[in-house]
Amino acid sequence: MLQFQEDFLHLIWRYQYFDKKQLETSQGLPLSIVKIGFHNHHEGPDFKEAHLFLDEISYHGHVEIHLRSSDWKSHKHQLDERYNSVVLHVVWEHDEEVKRKDGTTLPTLLLQGRVFLDVVRNYERLLSSPKKILCGYHLSQIPDILKFSMLEKALIERFHTKSHIVLDLLEQNQNDWEETAYQWLFYSFGFSTNKNPMLKLARSIPYKLIKKNAGNLKALEALLFGQADLVPNLLDFEQDNVKDIRDEYSFLQKKYHIQPQVYASEWKFMKVRPINFPTVRLAQLAALLNKSPHIFSAVLYDLQDRKSFESIFDLKVSAYWEEHYHFGKSNKKKSSGQLSTAVLDLLAINFVIPLWYAYGRYVDLMEWQEKCFNFLQEIPPEENRIIHLFREENWPAHNAFDTQGMLGLFKEYCNQRKCLNCKIGQSLLRPQ
């Protein structure tokens, strides 16, 4: 028996890649397929609302697909009422007769020996590729329009996944978009290394306290560093700024009745460049919120393009953080503390785009999806290991739209060997 998964048979049925001359069931009933049904990606039969003729009698119902007939029993479909409307069981190997819950014998179509040889060979060739991008040897055969279509599909799925995190936060915040955007900002500023403690930190400081103290950078720094449990002990540090921050935090803590919910040990400094230390990011967040406390409104209404985005995120940290990357640890040379172009690009991709997309889903307006697409095309392509793999296959990225699509395509399809769910893989399986 060929080594393939059930999804291969789904594709065979979906595109009818098999010889349909003189079709009959394993019980000897003549079979004619009028309508294959629509592919069901949820619970229940695999293809719903099919139409076929069995022994010249018209049947409307569902189609279930398995590698072996006995899988019907092993999956306990005979006990599930949803499968009582199955009119055809499509299998590769017919190893036993099976019955529905009501005891009637299930008509079975055996595909072994009928599938087009081209399709089987193409499938084996594709899945046996040594490349990380399995179709790499054949990408030159794929029309650009098809590759773009698959990139767009992977990109939308990636948007959907990220925006779901935003919408979950929104639900937890009782549909308060300002509180949600504020927490999402912190999560995004943590990037992959410190996103979780950043989110915990944001949750420990209600957004209304940030707005109350906007315009007072010292107070915002005290709130952020104090709640983050990152202000050093005075016995170890003699600098005036440490004492000032401790005193200010102590005052604000008593005033607002807040307690730290993040431990210093949760922050990751190891294998992180000093410029990306959480202390630097918190100083930048304090400066950003000091300048733009109404961050949701700014991103939603004032941000139109890359230039306006850079204007909103143009910040100036306090004098201490121009010269330090940690308490008591000085930079080799004075820094502006501003966000680098690379960091701005990442924030545009990981903060703004998911927020816009989530808002578009919330208000049910497709124009926000187009806005995401347009903004991504203004951002230069990212550089990482995965994007390099596509470049090696002569598929270069021109902007962040391409790179985000490639990341989604690789992680959700190539890396999981889901070629049968990919438009590119499906086109390569097509018989001559």
Number of positions in segment 299-334 that are touching a residue at least 40 places away in the same chain (Cβ under 8 Å), open to solvent by less than 20 Å² (accessible area, probe 1.4 Å) and assigned to a loop (DSSP other than H, G, I, E, B): 2
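Please enumerate the residues belonging to segment 281-309 that are farther than 20 Å from E178 by Cα and at pLDDT below 95. Break it down stepwise before answering.
Filtering segment 281-309 down to residues farther than 20 Å from E178 by Cα leaves 281, 283, 305-307.
Across segment 281-309, the qualifying residues are D305, R306, K307.
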Within segment 253-274, considering residues that are among the aliphatic types (A, V, I, L, M) and without any contact (Cβ under 8 Å) to a residue 60 or more places away in the chain, the one most open to solvent (accessible area, probe 1.4 Å): M270
In segment 109-144, the residues that are in a loop (DSSP other than H, G, I, E, B) and not aliphatic (A, V, I, L, M): Q112, G113, R114, F116, S128, S129, P130, K131, K132, C135, P143
Helices (runs of 4 or more DSSP H) fully within segment 340-432 counting 1 or more residues that are hydroxyl-bearing (S, T, Y) and closer than 30 Å to P278 by Cα: 341-347, 353-363, 400-409
Contacts under 6 angstrom Cβ, first residue in segment 335-360 being under 18 Å from Q183 (Cα atoms) and of a type in the set (K, R), partner open to solvent by less than 10 Å² (accessible area, probe 1.4 Å) and not in a helix (DSSP H, G or I), 6 or more apart: none
Filter result for D345 (touching a Pro at 6+ places or on another chain (Cβ under 9 Å), open to solvent by 20 Å² or more (accessible area, probe 1.4 Å), at pLDDT 95 or above and not basic (K, R)): yes
Selection within segment 410-430 - closer than 16 Å to L139 by Cβ and of a type in the set (S, T, N, Q): Q426, S427
Pairs, first over 15 Å from H10 (Cα atoms) in segment 22-40, second among the basic types (K, R) and assigned to a loop (DSSP other than H, G, I, E, B), C-beta under 9 Å, six or more apart: L23/R114; L31/K20; S32/K20; I33/K20
Considering residues of segment 188-203 that are open to solvent by less than 50 Å² (accessible area, probe 1.4 Å) and either in contact with a strand residue (DSSP E or B) (Cβ under 6 Å, 6 or more places away or on another chain) or free of Cβ contacts under 8 Å to residues at least 60 places away in the same chain (or both) only, the residue nearest to L223 (Cα to Cα): A202
Test: residue in segment 16-26 that is small (G, A, S) and on the phi > 0 side of the Ramachandran plot: no
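The values are calculated or read from the model by the stated rules, or taken from the named source; none is laboratory data. Given the structure is predicted, the values throughout are model-derived calculations rather than measurements. Methodologically, a virtual Cβ is constructed for each residue, glycine included, from the backbone with ideal geometry; neighbour enumeration extends over all protein chains shown. The protein model used for the area step is the full one, side chains on, heavy atoms only, and it has no ligands, DNA or RNA in it. Shrake-Rupley method; radii C 1.70, N 1.55, O 1.52, S 1.80 Å.
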